[in-house]
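Below: the structure, in structure tokens.
The values are calculated or read from the model by the stated rules, or taken from the named source; none is laboratory data. What you see is a predicted model, and the numbers here were worked out from it, not measured in a lab. Every residue, glycine as well, gets a Cβ built from its backbone with ideal geometry; the counts of neighbours run over all protein chains shown.
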Amino acid sequence: MVKTIDLYKDYRVGNVLFPALCGITISIEDGGFTAIAGPSGSGKTTLLNIIGCLDLPTKGEVIIDGSNIKKLSSKEKADLRRMKIGFVFQTFNLIPVLTAYENVEMPLLLLDISPEERKNRIISILREVGLADYIHRKPNEMSGGQQQRVAISRALVKNPAMVLADEPTANLDSTTGKEILSLMRELNKKLKTTFIFSTHDQLVMDFADRIINLRDGKVVKDMTRGTG
Amino acid sequence: MKILILAWRNVFRHTRRTMITAAAISVGLAVMIFMDTMMNGVNNMASRNIIDFETGAIQIFAQGYYREEGVFPLDTIIENPIVIIEKVENIKHVKNIVPRVKFEARLSDGNDELPVLGIGVDVKKEQTVFETPNSVVKGKFLENDEDILIGTGLARDMNLEVGSYLTVITMDRNGTHNAYDFTVCGLINTGHPLLDRNAALISIKAAQRLLAISNGVTELSIKIDNNEKSMKVKQEISEVLGTDYELYTWKELNSSVFEISSGKRMAQFIIVLVVIIIAAVGIINTMLMAVMERIAEIGTLKAIGFSNFNVVKMFMYEGGIIGVFGSILGCFFGLILSLFITVYGIDMSNAVKDMDIIYPIKLIIKGEINYQMILYVFIFGIAVSILATLWPVRSATRLEPVDALRHV
């Protein structure tokens with residue numbers, strides 16, 4: 001479970017302080033498919049980054065599975081990301097010199113997993129996302145949708161407690177975006193992995209079972225829908 | 001292991017850049033190897049000249065002689081060399097031992113007079129220790145007591161030829177001036193400036209007569225089977241001869257020459273340092289570019305769970321891979337240059353024709369390759385490349401992942 005308590009984040013640009021988050025208190029249950037929605041500049045990405053231990057809050061606390069990330073060293077945060085969190089980025093962020101297979105393998109190399117087990121997991125997840133025939137392609141040999149599928153595989157291959165996806169469909173056309181979302185939803189149900197993603201896309205919100213609306217760094221609406 | 005593969009691919013994102021950087025390193029390393037070959041050649045040549053023409057591996061003097069060697073003290077000489085020769089001959093590692101008589105002399109051709117080092121040599125046995133008999137380039141080696149052998153340099157300076165007459169003037173043990181006439185029997189060219197320009201060789205009998213020292217000699221020179229063992233053999237001989245005699249190895253006798261040579265080492269070291277700094281700047285520049293253009297990627301890797309240590313490791317591997325290429329290239333070119341200079345040498349005779357060089361070398365300098373040094377240079381190149389990445393990669397480790405990711 002992820003919990004944030006009175007979370008603040010300011011960015012300093014020159015001498016001016018921009019508040020990105022202004023007192024966010026939310027808790028997200030395991031296994032959910034949660035959208036953080038809002039216009040650009042509302043603090044979605046910032047919130048996601050802080051939950052993902054990529055960024056530090058100015059004030060407030062984040063508790064992931066009972067541990068307060070404020071008290072973790074940068075090494076311990078790296079460990080937490082390594083073991084429990086998968087990321088999917090708006091720009092896919094695959095490593096260009098590695099093939100689809102190798103990109104997905106990367107997080108497993110940082111965990112203590114036998115080569116055989118690694119291979120099984122990678123093949124199975126790539127098959128799951130429909131890329132069985134593309135495993136030896138490099139990112140520049142794949143379409144955006146395919147790249148994002150690799151990125152999703154990379155996030156899921158280590159069986160993380162949660163996957164954080166920052167605008168996962170923003171760089172994709174609507175059809176592909178929909179496919180990606182269906183895929184994520186499917187994996188969410190099948191693997192019981194918690195998905196938290198930021199979006200300002202109505203389409204994305206349609207898939208979510210909970211939508212947290214942000215505006216100017218504050219929660220303005222928190223809506224839970226029946227699963228379905 | 002997989003990080004190494006990742007690093008390998010990263011290095012080949014920019015093949016040209018990698019190769020240029022490696023080439024920069026290789027130039028430095030090649031210079032290092034080349035200079036070492038050259039220095040080894042010069043040093044070994046100097047050592048060989050000293051051993052082969054001047055001192056042998058070990059010299060024996062009467063106690064107290066060496067301290068005043070500069071004035072050739074004829075009252076502290078070895079009066080009865082035969083006894084010592086018999087004692088020393090059978091000591092292990094000793095191959096041969098010959099006497100020499102060194103004295104201060106003036107050479108006169110009737111017009112000019114030139115101070116030289118007179119050397120009386122055992123005409124028959126000289127070649128068992130020294131190479132002088134094999135260095136005759138014109139005429140022949142000493143045969144009788146009227147012959148005098150001079151260097152080609154001295155012959156040029158005094159306008160002498162084989163067959164010319166020369167008078168050797170010296171003062172004998174009793175303080176009497178003596179002058180004997182000799183005929184130039186041959187010219188030698190040893191490569192040792194002392195012998196080629198400033199010495200005259202006569203038979204030991206003639207020298208003993210000139211100096212009125214009967215059977216006495218100023219020194220005994222010993223050839224041994226392995227020059228590296230000089231010190232050990234010297235001690236063994238010392239034990240046999242007792243305290244009436246003093247012994248020195250060729251290194252001890254020429255410490256000043258090897259001091260010059262350590263000075264040269266220092267100069268060599270400074271040049272190498274400069275070259276290495278240039279190479280390091282090259283790799284720092286390349287790695288700095290690599291880090292800057294891949295900051296977002298570093299962010300991604302960190303998001304996946306790469307620790308700073310993993311990131312540093314990846315870049316160190318990349319530096320190391322470039323270093324391996326640089327080292328391979330550098331050692332290859334260094335070796336080629338070294339082989340060239342080992343086989344053909346560099347002819348310095350024009351450069352130093354009229355210089356008074358005290359360094360005992362031939363004027364064609366030939367290198368001598370030290371293969372162990374090449375191995376060190378190889379490792380050194382890689383080490384420098386790895387260490388030079390530490391500074392550029394520092395900035396990558398300082399960024400929070402989110403700041404790195406924002407760099408697109």
request  = All but one of (1) within 24 Å of residue B:15 (Cβ to Cβ); (2) more than 14 Å from chain A (Cβ to nearest Cβ) hold for residue B:300, so report the exception by its number.
outcome  = (2)
ask   = Looking at residue B:186, is it of a type outside the set (A, V, I, L, M) and buried (at least 19 other Cβ atoms within 10 Å of the Cβ)?
value = yes
note = Among the residues of segment B:124-143, the number that are surrounded by 21 or more Cβ atoms within 10 Å (Cβ to Cβ) and touching a residue at least 40 places away in the same chain (Cβ under 8 Å) is 5
inquiry  = Between A:80, A:98, A:47, A:56, which is at the interface with another protein chain (Cβ under 10 Å from one of its Cβ atoms) and either in contact with a His (Cβ under 6 Å, 6 or more places away or on another chain) or surrounded by 20 or more Cβ atoms within 10 Å (Cβ to Cβ) (or both)?
reply    = A:98
remark   = Being in contact with a Lys or Arg (Cβ under 8 Å, 6 or more places away or on another chain) and touching a residue at least 12 places away in the same chain (Cβ under 8 Å) narrows B:160, B:154, B:166 down to just B:154
ask   = Looking only at residues in segment B:292-306 that are part of a helix (DSSP H, G or I) and in contact (Cβ under 8 Å) with a residue 24 or more places away in the chain, which one is surrounded by the fewest Cβ atoms within 10 Å (Cβ to Cβ)?
value = B:296
request  = Inspect all residues belonging to segment B:226-246 and state whether any of them is closer than 18 Å to residue B:45 by Cα, touching a residue at least 24 places away in the same chain (Cβ under 8 Å) and exposed (fewer than 15 other Cβ atoms within 10 Å of the Cβ).
outcome  = yes
inquiry  = I'd like to know if segment A:143-153 contains one or more residues that are touching a strand residue (DSSP E or B) at 6+ places or on another chain (Cβ under 6 Å) and in a helix (DSSP H, G or I).
reply    = yes
request  = Give me the pairs, please: first residue somewhere in segment B:379-408 and within 12 Å of chain A (Cβ to nearest Cβ), second residue anywhere and surrounded by fewer than 14 Cβ atoms within 10 Å (Cβ to Cβ) and assigned to a helix (DSSP H, G or I), beta-carbon distance under 9 Å, and either six or more positions apart or on two chains.
outcome  = B:397/B:309; B:407/B:292
query = Yes or no: residue B:169 touching a His at 6+ places or on another chain (Cβ under 7 Å) and at pLDDT 90 or above?
reply = yes
Checking residue A:164 against (1) away from chain B (no Cβ under 14 Å); (2) outside any helix (DSSP H, G or I), the condition it does not meet = (1)
task = Please state which of the following conditions residue B:3 fails to meet, knowing it meets all the rest: (1) more than 14 Å from chain A (Cβ to nearest Cβ); (2) out of contact with any Ser or Thr (no Cβ under 8 Å at 6 or more places or on another chain); (3) not basic (Lys, Arg).
result = (1)
Segment A:192-225, residues that are of a type in the set (Asp, Glu), more than 23 Å from residue A:7 (Cα to Cα) and exposed (fewer than 13 other Cβ atoms within 10 Å of the Cβ) = A:206
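So, in segment B:208-225, of the ones that are touching a Pro at 6+ places or on another chain (Cβ under 9 Å) and assigned to a loop (DSSP other than H, G, I, E, B), which residue ends up surrounded by the fewest Cβ atoms within 10 Å (Cβ to Cβ)?
B:215
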task = Would you check which residues across segment A:101-113 are closer than 16 Å to residue A:151 by Cβ and more than 7 Å from chain B (Cβ to nearest Cβ) and list them?
result = A:101, A:102, A:103, A:104, A:105, A:108
note = Scanning segment A:114-135 for residues that are in contact (Cβ under 8 Å) with a residue 12 or more places away in the chain and within 14 Å of chain B (Cβ to nearest Cβ), the one nearest to residue A:179 (Cα to Cα) turns out to be A:122
key: Complete set of residues in segment A:33-43 that are surrounded by 24 or more Cβ atoms within 10 Å (Cβ to Cβ) and either within 12 Å of the chain's Cα centre (by Cα) or over 20 Å from residue A:181 (Cα atoms) (or both)   = A:35, A:36, A:43
ask   = residue A:122 fails exactly one of the following numbered conditions: (1) part of a helix (DSSP H, G or I); (2) modelled with pLDDT of 90 or more; (3) surrounded by 22 or more Cβ atoms within 10 Å (Cβ to Cβ). What is the number of that condition?
value = (3)
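For segment B:67-141, give me every one of the strands (runs of 3 or more DSSP E) that falls completely inside it and has 1 or more residues that are hydroxyl-bearing (Ser, Thr, Tyr).
Hits in segment B:67-141: B:94-108.
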query = Any idea which of (1) in the same structural domain as residue B:13 (by TED's automatic domain parsing); (2) at pLDDT 90 or above; (3) closer than 30 Å to residue B:95 by Cα is the one residue B:312 doesn't satisfy?
reply = (3)
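Quick grid of which residues meet (1) more than 16 Å from residue B:323 (Cα to Cα); (2) outside any helix (DSSP H, G or I); (3) away from chain A (no Cβ under 14 Å):
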{"site": "B:9", "(1), (2), (3)": "no, no, no"}
{"site": "B:12", "(1), (2), (3)": "no, no, no"}
{"site": "B:20", "(1), (2), (3)": "no, no, yes"}
{"site": "B:23", "(1), (2), (3)": "no, no, yes"}
{"site": "B:30", "(1), (2), (3)": "no, no, yes"}
{"site": "B:40", "(1), (2), (3)": "yes, no, yes"}
{"site": "B:43", "(1), (2), (3)": "yes, no, yes"}
query = Can you name the number of the only condition in (1) crowded, with 16+ Cβ neighbours inside 10 Å; (2) closer than 17 Å to residue A:219 by Cα that residue A:27 fails?
reply = (1)
request  = Consider residue B:234 carefully, then state whether it is among the charged types (D, E, K, R), over 30 Å from residue B:7 (Cα atoms), modelled with pLDDT of 90 or more and not assigned by TED's automatic domain parsing to the domain that holds residue B:10.
outcome  = yes
task = Give B:333, B:340 a once-over and let me know the one that is surrounded by 13 or more Cβ atoms within 10 Å (Cβ to Cβ), assigned to a helix (DSSP H, G or I) and without any contact (Cβ under 8 Å) to a residue 12 or more places away in the chain.
result = B:340
inquiry  = Against the condition away from chain A (no Cβ under 14 Å), surrounded by 22 or more Cβ atoms within 10 Å (Cβ to Cβ), touching a Pro at 6+ places or on another chain (Cβ under 9 Å) and aliphatic (A, V, I, L, M), how does residue B:78 come out, does it pass?
reply    = yes
ask   = Which residues, counting only those in segment B:373-398, are farther than 19 Å from residue B:276 by Cβ and not hydroxyl-bearing (Ser, Thr, Tyr)?
value = B:393, B:394, B:396, B:398
